[in-house]
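**Student:** What follows is a single structure, and I will ask about it in a moment.
The values are calculated or read from the model by the stated rules, or taken from the named source; none is laboratory data. All values derive from a computational prediction rather than experimental measurement. Here the Cβ is made from the backbone with ideal geometry for all residues, glycine too, and neighbour counts use every protein chain on show.
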Amino acid sequence: MADDLLVIIPTRGRPQAVPEIVKAWDDTGATADLLFAVDTDDPELAAYKKHAAELKGDGRVRFTFGKRRRLVGTLNQQAVKAAKTYRFLGFMGDDHRPRPAATPWDARIRECLSGGPGIVYGNDLLQGENMPTAVAMTSDIVTAVGYMAPPAMVHLCVDLVWKDWGVGMGRITYLDDMVIEHLHPANGKAELDAGYEEVNSEAMVSADSAAYYDYRDNGGLDGDLATLRALVGEA
């Protein structure tokens with residue numbers, strides 16, 4: 001179905017991830033649309049633009065080029081816009097790779113979310129059920145709260161928020177056999193590059209952790225859950 005599921009991938013400094021992700025789409029038989037969100041100040045901008053030109057004929061794949069807003073800012077900008085036309089929205093990092101299964105992962109997402117407002121995630125082979133490091137949700141969630149992740153955060157802890165939302169709504173599904181592998185230095189599946197060093201720095205961990213606890217403990221989460229529970233009640 002056209003315009004039913006869009007996966008947004010903010011990416012920086014890793015143009016080699018583009019053909020790998022598109023291959024993962026091909027290998028899994030995925031039909032979900034795919035949006036690579038690239039910064040115009042990316043040192044690898046030329047390589048991203050080359051991939052965009054090569055993939056121009058692939059109707060599933062789009063690129064957007066804009067000023068750097070960091071992961072949460074870029075994700076929110078694209079998700080709020082896409083929520084106007086897509087029924088379901090997903091997020092993956094440029095270091096996630098869906099893996100083949102008997103039923104394609106995007107079909108599982110559509111099935112799980114077709115019953116109304118909710119959140120679904122699979123097994124990333126790193127955090128498993130603990131954290132939705134890659135996630136999909138109904139677009140009415142984004143429209144209702146006004147973002148896909150709290151804008152006070154930059155990069156980290158947003159997966160904790162997605163789990164808080166889903167649990168608090170009573171509408172979250174974890175699919176252990178839907179593998180969306182997280183290729184990360186923490187599990188030895190990626191080299192520690194400049195991007196990982198930046199987002200896992202002591203300063204970033206401290207700032208995003210503080211932003212998450214402030215959101216969770218000082219009214220932000222309660223306000224969003226009131227909105228989301230009302231959304232479920234109206235469905």
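**Student:** Could you tell me which numbered condition G116 fails, if it satisfies all but one of (1) at negative phi; (2) part of a loop (DSSP other than H, G, I, E, B)?
**Tutor:** (1)
**Student:** Turning to a different aspect of this structure: Of everything in the range 73-92, what is of a type in the set (V, I, T) and closer than 21 Å to M131 by Cβ? Give them in sequence order.
**Tutor:** T74
**Student:** When you check D106 against the structure, is it in contact with a Gly (Cβ under 9 Å, 6 or more places away or on another chain), modelled with pLDDT of 95 or more, in a helix (DSSP H, G or I) and of a type in the set (D, E, K, R), yes or no?
**Tutor:** Judged against the criteria, D106 is a match.
**Student:** Then there's this: Test G122 against the stated conditions and say whether it is assigned to a helix (DSSP H, G or I), touching a residue at least 40 places away in the same chain (Cβ under 8 Å) and in contact with a strand residue (DSSP E or B) (Cβ under 6 Å, 6 or more places away or on another chain).
**Tutor:** In short, no.
**Student:** Would you please list the contacts, defined by Cβ atoms under 7 Å and residues six or more apart or on different chains, that run from a residue in the range 62-83 that is more than 18 Å from V18 (Cβ to Cβ) to a residue that is basic (K, R) and surrounded by fewer than 22 Cβ atoms within 10 Å (Cβ to Cβ)?
**Tutor:** Q77/R69
**Student:** Which of (1) within 23 Å of F88 (Cα to Cα); (2) touching a residue at least 40 places away in the same chain (Cβ under 8 Å); (3) of a type in the set (G, A, S) is the odd one out, the single condition G59 does not satisfy?
**Tutor:** (2)
**Student:** Kindly indicate which of D224, D164, D176, D159 is closer than 24 Å to G118 by Cα, loosely packed, with under 12 Cβ neighbours inside 10 Å and under 19 Å from the mean Cα position of the chain (by Cα).
**Tutor:** After ruling out the rest, the residue left standing is D176.
**Student:** Going by the conditions given, is L126 more than 26 Å from D39 (Cα to Cα) and either of a type in the set (G, A, S) or at pLDDT below 95 (or both)?
**Tutor:** When the stated conditions are applied, L126 passes them.
**Student:** Looking at (1) modelled with pLDDT under 90; (2) touching a Gly at 6+ places or on another chain (Cβ under 8 Å); (3) surrounded by 18 or more Cβ atoms within 10 Å (Cβ to Cβ), which one does R171 not meet, given that it meets all the others?
**Tutor:** It fails just one condition, (1).
**Student:** Something else about it: Only one residue in L160, L71 is of a type in the set (A, V, I, L, M, F, W, C), touching a helix residue (DSSP H, G or I) at 6+ places or on another chain (Cβ under 9 Å) and modelled with pLDDT under 95, so which one is that?
**Tutor:** L71
**Student:** Which condition number in (1) of a type outside the set (K, R); (2) within 23 Å of E20 (Cα to Cα); (3) crowded, with 17+ Cβ neighbours inside 10 Å is the one that T103 fails?
**Tutor:** Against the list (1) of a type outside the set (K, R); (2) within 23 Å of E20 (Cα to Cα); (3) crowded, with 17+ Cβ neighbours inside 10 Å, T103 comes up short only on (3).
**Student:** Still on this structure, please answer the following. Mind counting the residues in the range 132-152 that are assigned to a loop (DSSP other than H, G, I, E, B) and either closer than 17 Å to Q78 by Cβ or more than 12 Å from the chain's Cα centre (by Cα) (or both)?
**Tutor:** 8
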